[in-house]
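All remarks here apply to the structure that follows.
The values are calculated or read from the model by the stated rules, or taken from the named source; none is laboratory data. Since this is a predicted model, take the numbers as computed values, not measurements. As a convention, Cβ positions derive from the backbone with ideal geometry for all residues, glycine included, and neighbour counts pool all protein chains shown. SASA here: full protein model, heavy atoms, side chains in, ligands and nucleic acids out. Shrake-Rupley method; radii C 1.70, N 1.55, O 1.52, S 1.80 Å.
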Amino acid sequence: MIKNISNLGDAALYCDFGTEINKEINTQVIRFFKTIQKKNIAGVNNLIPSYNKLIISFDLKKINFNKLKKIIDNIEIIKSDTIQNKKFEIPICCEKEFSLDIKRLEEKLKMKEENIYESFFKKEFFCYMTGFIAGMPFLGDLDENLRAKRLDTPRVKVPKGSIGLTEQFANIYTFESPGGWNIIGNTPLNIFDSSKENEPNLINPGDLVTFKRITKENYQNYHE
Amino acid sequence: MNKNYFEILRAGINSTFQDLGRNNLYHIGIPFSGAMDNRNYLLANKLTGNDNNNPVIEFAYQGPHLKYHGKAINAAITGDVSFKIKKGNNLIDGECYQSFILENNDELDIISTNKSVYGYLAISGQFDLKLQWSSYSTNIKAKIGSNNGEKLSVNQKINIKEINQNLVSKKLNYINTKIENIRVMKGTNFDYFSEEGKKLFFGNEFKVSKLSDRMGMRLEGKKIENIVDTNIRSEGLIKGVIQVPADGNPIIMLSDHGTIGGYPKIGVVISADYDKLVQLTPGSTIKFQEVDLNSAETLFKLYDLETQNLISQI
């Protein structure tokens with residue numbers, strides 16, 4: 001449960017669920033998020049659940065930190081239904097032009113390229129959260145030996161479809177964006193579709209994801 | 001049927017439609033967007049007799065050059081902007097914060113913002129735009145909102161679906177003040193930084209980098225040393241958050257920012273100073289001054305009162 005609530009600037013609450021990251025804590029975060037979402041508290045304008053934190057931002061014209069904290073402190077969590085899991089298999093191409101950081105990862109992890117990919121492709125991932133850019137899924141957990149830090153200086157432009165690794169997670173860049181993850185391949189699949197206002201994200205928290213390696217030819221012909 | 005529209009003779013560097021932005025979508029990765037400089041956005045709408053949430057054209061540095069076709073309308077430009085209005089063979093210097101009339105075949109050439117980044121063009125009417133997630137704001141990174149999520153481009157038309165034919169002229173005496181001191185509250189990872197790093201942050205000057213846009217403002221200065229970890233577990237971000245990645249240079253999250261980030265948060269810009277912050281041009285210097293939550297809330301009340309006061313003067 002929430003261990004501490006502090007402020008993030010003058011217009012947001014920072015709810016801390018602890019330092020650990022696992023599916024149980026993440027499920028608590030999602031429950032809390034859904035409860036607050038349903039309450040429609042006046043002045044709250046955004047909720048950002050992540051692995052083990054929940055940020056609640058608000059309109060400073062309508063409410064302030066102390067008033068909102070009191071409401072949140074006294075909220076009763078709705079025991080929502082179990083999160084339903086969808087399963088996806090995401091095609092990815094790992095040719096040189098797409099695997100921008102594989103050499104860097106070989107050095108960081110002291111592993112050979114083929115071993116990195118072998119460990120990555122056998123994994124079934126759990127979606128902890130979506131965001132950073134629209135629809136980007138944060139997928140865990142990578143094996144211990146694949147865990148690397150972000151780039152020291154984030155890239156200004158990471159190509160759309162890039163699959164990146166950082167710490168215990170993999171993610172997919174749903175469109176071109178700045179970013180600091182170690183890029184190992186690219187998917188031709190559209191992960192975010194803004195024309196679907198009700199459900200623009202292909203992958204949502206709780207879903208299960210595996211990756212399948214495809215050739216450059218398959219990649220190029222994917223949309224045909 | 002009367003057709004009223006603008007023809008774009010030059011699009012400008014980054015001209016987009018913006019309104020108050022969209023709420024409650026951070027959890028799927030969609031930020032507020034909306035006008036960067038909220039006060040100037042509101043003033044532009046009031047000067048043309050519109051509601052608060054009417055979409056306007058926001059431009060950065062060089063603005064668009066437009067030719068108007070249709071029935072006479074009022075228009076107004078806010079910010080610190082040089083522009084000209086061409087009526088037949090007459091070229092008139094434009095004045096910000098003063099509505100002016102555009103008639104058939106008039107041209108509006110928004111030459112540039114002066115020592116600032118953003119300016120706003122509002123008209124007494126409604127652009128013909130598509131609402132997406134309850135907002136007309138364009139987010140060009142996510143390709144969301146008006147104009148198919150794209151900036152304005154040359155030769156396209158901007159259709160106006162409704163015009164307000166009340167052409168009463170409106171004016172406001174207002175000058176944008178520029179500040180270098182931006183007030184900031186400590187962030188949730190303030191203690192990740194060395195004593196010297198903390199002193200550097202609140203005291204040294206930083207330079208606004210060219211790599212700044214509607215998503216974020218990158219700063220350059222002496223490296224702020226991290227003594228705990230240069231990464232945190234990815235978590236939510238809000239606008240105004242200042243992250244410091246491993247290279248020690250701060251990055252401030254702006255209106256189109258990523259909703260989740262993994263670099264330590266050294267501080268958060270207070271709400272009252274956001275409009276001023278976004279107007280700082282690349283190459284200018286910035287200094288952070290620490291304030292606490294109480295002061296930040298009071299400063300916001302003052303900022304909001306001043307904004308309401310300006311609006312009521314129009």
Check each residue of segment A:170-205 and keep those whose accessible area, probe 1.4 Å, is at least 40 Å² smaller with all protein chains in place than in the chain alone; give them in order of residue number. A:175, A:178, A:194, A:197
Cross-link partners of residue A:112 among aspartates and glutamates (Cα-Cα below 17 Å; sequence separation of 8 or more within a chain): A:95, A:101, A:143, A:144
What aspartates and glutamates sit close enough to residue A:87 to cross-link, taking a C-alpha to C-alpha distance under 17 Å and skipping anything fewer than 8 places away on the same chain? A:124, A:141, A:199, A:207
How much accessible area does residue B:304 have with a 1.4 Å probe, in Å² rounded to the nearest 10? 30
Taking a quarter of the surface of the convex hull around the Cα atoms of segment A:40-102, what do you get in nm²? 8.4
Mind putting a number on the dipole of segment A:99-138 about its Cα centre? Charges go on the C-beta only, +1 for Lys and Arg and -1 for Asp and Glu, and I need it in Debye to the nearest 20. 100
Pairs over 27 Å Cα to Cα, from B:86/B:151; A:53/B:222; B:84/B:157; A:70/B:141; B:222/B:301; B:186/B:222, come to A:53/B:222; A:70/B:141; B:222/B:301
Stokes-Einstein D for chain A (4 °C, 1.567 mPa s, Kirkwood Rh from Cα pairs), in µm²/s, comes to 69
Sorted by chain and then number, the residues having a modelled amide H within less than 5 Å of the amide H of residue A:169, at least 5 places away or on another chain, are A:142
Could you size up the charge dipole of segment B:199-280 around its Cα centre, putting +1 on the beta carbon of Lys and Arg and -1 on that of Asp and Glu, and report it in debye to the nearest 20? 100
Using a 1.4 angstrom probe on the protein heavy atoms only, could you order B:174, A:222 from most to least accessible area? A:222, B:174
State, in square angstrom and to the nearest 100, the accessible area buried between chains B and A, both chains counted, probe radius 1.4 Å. 4300
Scalar couplings 3J(HN,Hα) for segment B:292-306 by Karplus 6.51 cos²θ - 1.76 cosθ + 1.60 (θ = phi - 60°), nearest whole Hz, x for Gly and Pro, are 9, 4, 4, 5, 4, 5, 5, 4, 5, 4, 5, 4, 5, 4, 4
Scan chain A and hand back the longest stretch that contains none of the trypsin sites (Lys or Arg not before Pro) lying in DSSP loops with at most 11 other Cβ atoms within 10 Å. A:4-78
Per residue, what volume in Å³ does the Cα convex hull of segment B:213-271 take up? 75
Determine the principal axes of the Cα atoms in segment B:92-197, then give the extent along each, sorted from largest to smallest and rounded to whole angstroms. 63, 35, 25
Hey, got the average number of other protein chain Cβ atoms within 10 angstrom for residues in B:260-270? 5
Can you tell which of B:96, A:7, B:298 lies farthest toward the positive end of the dipole of the protein assembly as shown, using +1 and -1 charges on the Cβ of basic and acidic side chains (Lys, Arg; Asp, Glu)? B:96
Shape of segment A:143-224, Cα gyration tensor, a/c cut at 1.5: rounded
For segment B:64-164, with +1 on Lys and Arg beta carbons and -1 on Asp and Glu, the positive-most of B:155, B:113, B:82 along the dipole: B:155
Between segment B:236-274 and segment A:167-197, the Cα center-to-center distance that results, in Å: 21
What residues have an amide H closer than 5 Å to that of residue A:7, excluding those fewer than 5 places away on the same chain, when H is modeled at 1.01 Å from N in the peptide plane? A:14
Using only Cα positions of segment B:1-91, each an equal point scatterer, no hydration layer, compute I(q)/I(0) via Debye at q = 0.14, 0.15, 0.24 Å⁻¹ and quote the log10 values to two decimals. -0.61, -0.69, -1.39
Using a 1.4 Å probe on heavy atoms of the protein chains only, the accessible area for residue B:99 in Å², nearest 10, reads 10
Work out which residues of segment B:213-253 lose at minimum 30 square angstrom of accessible surface when the other protein chains are put back, relative to the chain isolated, with a 1.4 angstrom probe, and list them by number. B:215, B:218, B:231, B:233, B:234, B:235, B:236, B:238, B:246, B:247
Chain B -> Rg/Rh from Cα coords, Kirkwood Rh, value 1.00
From the C-alpha gyration tensor of segment B:275-314, pull out the three semi-axes of the equivalent ellipsoid (sqrt of 5λ each), sorted largest to smallest, in whole Å. 23, 18, 5
Could you rank B:56, B:168 by how accessible they are, 1.4 Å probe, largest area first? B:168, B:56
What ratio of Cα Rg to 2.2 N^0.38 Å holds for segment B:146-282? 1.34
Kindly report the accessible area of chain B per residue (heavy atoms of protein chains, probe 1.4 Å, no ligands, DNA or RNA), in Å². 40
Measuring from the lowest to the highest alpha carbon on each principal axis, how far does the protein assembly as shown reach, largest first, in angstroms? 72, 57, 47
Let me make sure I get this right: for segment B:239-314, a, b and c are the square roots of the gyration tensor eigenvalues over alpha carbons, sorted descending. Under 1.5 in a/c it's rounded, otherwise prolate if a/b > b/c, else oblate. Which is it? prolate
On average, how many beta carbons from a partner chain sit within 10 Å of the beta carbon of a residue in B:184-196? 1
Within segment B:208-247, trypsin sites (Lys or Arg not before Pro) in DSSP loop having at most 14 other beta-carbon neighbours inside 10 Å: B:210, B:222, B:223
Is the shape of segment A:95-172 rounded, prolate or oblate, going by the alpha carbon gyration tensor and its root eigenvalues a ≥ b ≥ c, with a/c under 1.5 for rounded and a/b larger than b/c for prolate? oblate
Could you give the size of the charge dipole of segment B:244-311 about its Cα centre, using +1 on the Cβ of each K and R and -1 on the Cβ of each D and E, expressed in debye and rounded to the nearest 20? 120
At a 1.4 Å probe radius, carbon and sulfur cover how many percent of the accessible area of the protein assembly as shown? 45
Residue (of A:94, A:17, A:131) at the positive-pole extreme of chain A, dipole from beta-carbon charges: A:17
Round to a whole angstrom and tell me the spacing of the C-alpha centers of segment B:287-314 and segment B:141-182. 24
Kirkwood radius from Cα pairs of segment B:45-133 plugged into Stokes-Einstein at 25 °C, 0.890 mPa s, gives D in µm²/s equal to 184
Using a 1.4 angstrom probe on protein heavy atoms only, which residues from segment A:30-65 are buried by at least 50 Å² of accessible area when all chains are present rather than their own chain alone? A:45, A:46, A:48, A:60, A:61
